[in-house]
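Read through the structure below, which is laid out as structure tokens, and then see the notes.
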Amino acid sequence: MNKEISVYNKLYDVVRRNLFVLGVVAVLSILVAFLNVYLIKFEKEITDAAILKNKGLFKGLLIGVLVIICLKIPVEYIKAYLFGKFAEKTLMDLRIEISKKLIFSPINFIEKNAAGDFISRLTSDISIVAGFFTSALDQLLYHPVVFIIGLIYAIHLNWKMTLISFAIIPITILIAFIISKPVERFTKKQQDLYGNTNAIFQDIISGISVIKVFKLERYFYKKFENSLLKSFSEGLKSAKVETLLEPVKTIIQLGPVLLVILTGGAMVMKKQLTFGGLMAFIELMNIFIAPMNILPNIINSYRKAAAASKRLNEILSQYLEESGSEKGFDEYEYAVEFEDVWFSYENDLEKAVLKNFNLKIKRGEKIAFVGSSGCGKSTIVKLILGMYKPQKGCVKVFGIPTSRWNLYSLREKISVVNQDIYLFPDTIFENIKYGRYSATYEEIIEAARKSEIHEFIMSLPRGFETELKEGSVNVSGGQRQRIAIARAILRSSDVYIFDEATSALDADSENNILKTLNNSLKGKTIITIAHRFSSIKNVDRIIVIDRGTVAEEGSHDDLLCKKGIYYQLYTAQLMNELV
Ligand SMILES: Nc1ncnc2c1ncn2[C@@H]1O[C@H](COP(=O)(O)OP(=O)(O)OP(=O)(O)O)[C@@H](O)[C@H]1O
Ligand SMILES: [Mg+2]
């Protein structure tokens, strides 16, 4: 990924879309620069005309000055408006591009990065880049142009004096450049640290109930405080460098002006320069000094923006989830096939979760996965959904390898209730509707009935319109699972996967729901993952997974007779229940 960033700046791709407007701004900047230097020229001539007491010339020049001012105002207005449009549009495009990457990138990219880090990239990094676009870039477009035009006019006025006053400029540029270099390093570090702080804050919000129960308030508060202190000390370092820039700016400002007054005054006395010429020179000096004065800030702003862009580029150069073109067929024999599958989250087969895993699930078969915690049951689901690709072997769904599937079509054909259920902070109605957004009101009610949540919803004062809170804290764990089941069965898929979908329910409620589901999902392929054996007794085939492979398979009775792993797990649970 890093290589990709260094060779191709994705941020530039986004900026490029609005380059035309920027081009117009650049042309208008040149026009404004011309008008400003012309104004100085007219002012010089008007002063000389006044000293020579030439009334006719004075009046003519006065009209000229007024015409330039009348032209300058609308041109500057249009330029500022277009620049604002360019900056705002580019930032909007950037935000759109980043959110697109977040939503459409493969799940492992999201899982690898902390949520708080993403948020800080979306907020503080973007505002740093925005700072560069809204001020520094505008100045960069104007000042070099007016500098060159002003320089030409200055040489034309008096080349000797131009040389003298410019002697000091290269030295000051060099000093400013050297001083601002460490700012970039500190800013990158500070931004990384802020990302870290945000991640901790995110943890605190998501885990507040665990924090309270385990009395971790102080620990997390300290962790948060330490992280903030670290970014504070980095911020202080960069502030120190920034204050060092101040005296440099003062020298840059005063030096050339004093030189102009000294040498220019002497030339006026020797009649080598008119008084108007000296006035023009002092004004031209402002034009020359302005970029010198703001240059350290521009360099500083550029360096900060460059550091922030590097972090944004990491997201922007992320590949979108790869998807094939297959949309599936109606005719197929096996719903799911795993052929010699090896899979590791870390891309390291030494640490493989699935090792030479083989499994075929027939169309319409009802199967269950059993195995100790962490043996890879949920991982199998992720592979079926094409969230991850195996390093070796092949996962086929409806006869087609997941790598060739159009992932949108694949996921449309599979309904899943995940182990970690997430309900959106929205109404219960909307949450169920997310299963199939085109579903009718009646279909949603029906799905709620089948998952045995309808009665509960109707007992709420606002019924289906009840708003779920953040983290769905206003419904119980079991109610949450039933809403999720309703959401999954609303979608009429070919394959249903229930990963610990009823674990929060009591045994009776669980058996009731399973019975209803079995009746309403007749003929469909159903994969159940459960820790409670009573809920899977009636499936066609139980697959026992151990150390990344299929250790045993068969019906409940077959497996009990075998007296292997299943028998051990089953009797252990039975004993527990009896105790
Ligand atoms: N996103 C991930 N990144 C890295 N490792 C992971 C990831 N998800 C799971 N693992 C690891 O893969 C292994 C299998 O996890 P998986 O979630 O498939 O187990 P499981 O059988 O579903 O367990 P449980 O019954 O507790 O739900 C575990 O050792 C886990 O640590
Ligand atoms: Mg699991």
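List of remarks:
- Net charge contributed by nearby residues that have their C-beta within less than 12 Å of R480 (K/R +1, D/E -1): +2
- Annotation: the residues L228, L61, sorted from fewest to most other C-beta atoms within 10 Å of their own C-beta, follow the order L228, L61.
- By the Cα gyration tensor, the range 480-579 has an equivalent ellipsoid whose semi-axes, rounded to whole angstrom, run 25, 17, 12 from largest to smallest.
- Values of log10 I(q)/I(0), in the order q = 0.08, 0.16 Å⁻¹, for the range 334-578 under a Debye, Cα-only, solvent-free model: -0.32, -1.20
- Across the range 457-469, computed HN-Hα scalar couplings (Karplus, 6.51 cos²θ - 1.76 cosθ + 1.60, θ = phi - 60°) run 4, 5, 7, 7, x, 9, x, 5, 7, 4, 7, 7, 7 Hz from first to last residue, x flagging Gly and Pro.
- Within the chain, percent of DSSP bridges classed antiparallel, to nearest 5: 50
- Sequentially through the range 313-320, phi angles give Karplus couplings (6.51, -1.76, 1.60; θ = phi - 60°) of 4, 4, 7, 5, 8, 5, 6, 6 Hz, Gly and Pro residues having no value and appearing as x.
- In this structure the amide hydrogen of I545, modeled in the peptide plane, comes within under 5 Å of the amide hydrogens of V370, G371, A551, none closer than 5 places in sequence on its chain.
- Residue among H556, F20, V544 farthest towards the positive dipole end of the chain, charges placed on Cβ: F20
- Convex hull volume per residue, computed on the Cα atoms of the range 260-377, equals 258 Å³.
- Of the chymotrypsin sites (Phe, Trp or Tyr not before Pro) in the range 196-231, those whose Cβ has at most 13 other Cβ within 10 Å and which sit in DSSP loop: F214
- Close amide H pairs (under 5 Å, H built 1.01 Å from N) link E321 with S105, residues at least 5 positions away or on another chain.
- Cβ-based exposure ranking for H531, H156, H556, in which fewest neighbours within 10 Å come first: H156, H531, H556
- Sorting 474-486, 326-338 by their mean Cβ neighbour count within 10 Å, with the most densely packed peptide first, gives 474-486, 326-338.
- Magnitude of the charge dipole, the chain, Cβ model with Lys/Arg +1 and Asp/Glu -1, debye to 20: 2220
- Here the peptides 39-52, 346-359 are ranked by packing, the mean other Cβ count within 10 Å, and the order with the highest first is 39-52, 346-359.
- Among L52, M161, L236 the positive-end extreme of the charge dipole of the chain (Cβ point charges): L52
- When peptides 568-576, 431-439 are sorted by average Cβ neighbour count within 10 Å, with the highest value leading, the order is 431-439, 568-576.
- P(r) of the chain over all Cα-Cα pairs, binned every 10 Å from zero, in whole percent: 3, 12, 17, 18, 14, 10, 8, 7, 5, 3, 1, 0, 0
- When +1 charges are put on Lys and Arg Cβ atoms and -1 charges on Asp and Glu Cβ atoms, the dipole computed for the range 334-578 relative to its Cα centre reaches about 640 debye.
- Cα-based helix-to-principal-axis angle, 137-166 vs the chain, degrees rounded to 10: 20
- Candidate lysines - alpha carbon under 22 Å from K223, same-chain residues fewer than 8 apart omitted: K112, K188, K189, K212, K215, K237
- Kirkwood hydrodynamic radius computed over the range 1-119 comes to 18.7 Å, based on all pairs of distinct alpha carbons.
- Cα centroid separation - the range 282-357 against the range 192-251, whole Å: 25
- Burial ordering of I445, I69, fewest other beta-carbon atoms within 10 Å first: I69, I445
- Derived scalar couplings ³J(HN,Hα) [the range 207-218; Karplus, 6.51 cos²θ - 1.76 cosθ + 1.60; whole Hz; x for Gly, Pro]: x, 4, 5, 5, 4, 5, 4, 8, 6, 9, 3, 4
- Long-range HN-HN contacts of V353 with modeled amide H, under 5 Å: F343, S344, Y345
- With only the Cα atoms considered, the range 419-511 has a convex hull volume of 93 Å³ per residue.
A short reminder: the numbers here are calculations on the coordinates, not readings from a lab. A quick note: this is a predicted structure, and the numbers were derived from the prediction, not measured. Methodologically, a virtual Cβ is constructed for each residue, glycine included, from the backbone with ideal geometry; neighbour enumeration extends over all protein chains shown.
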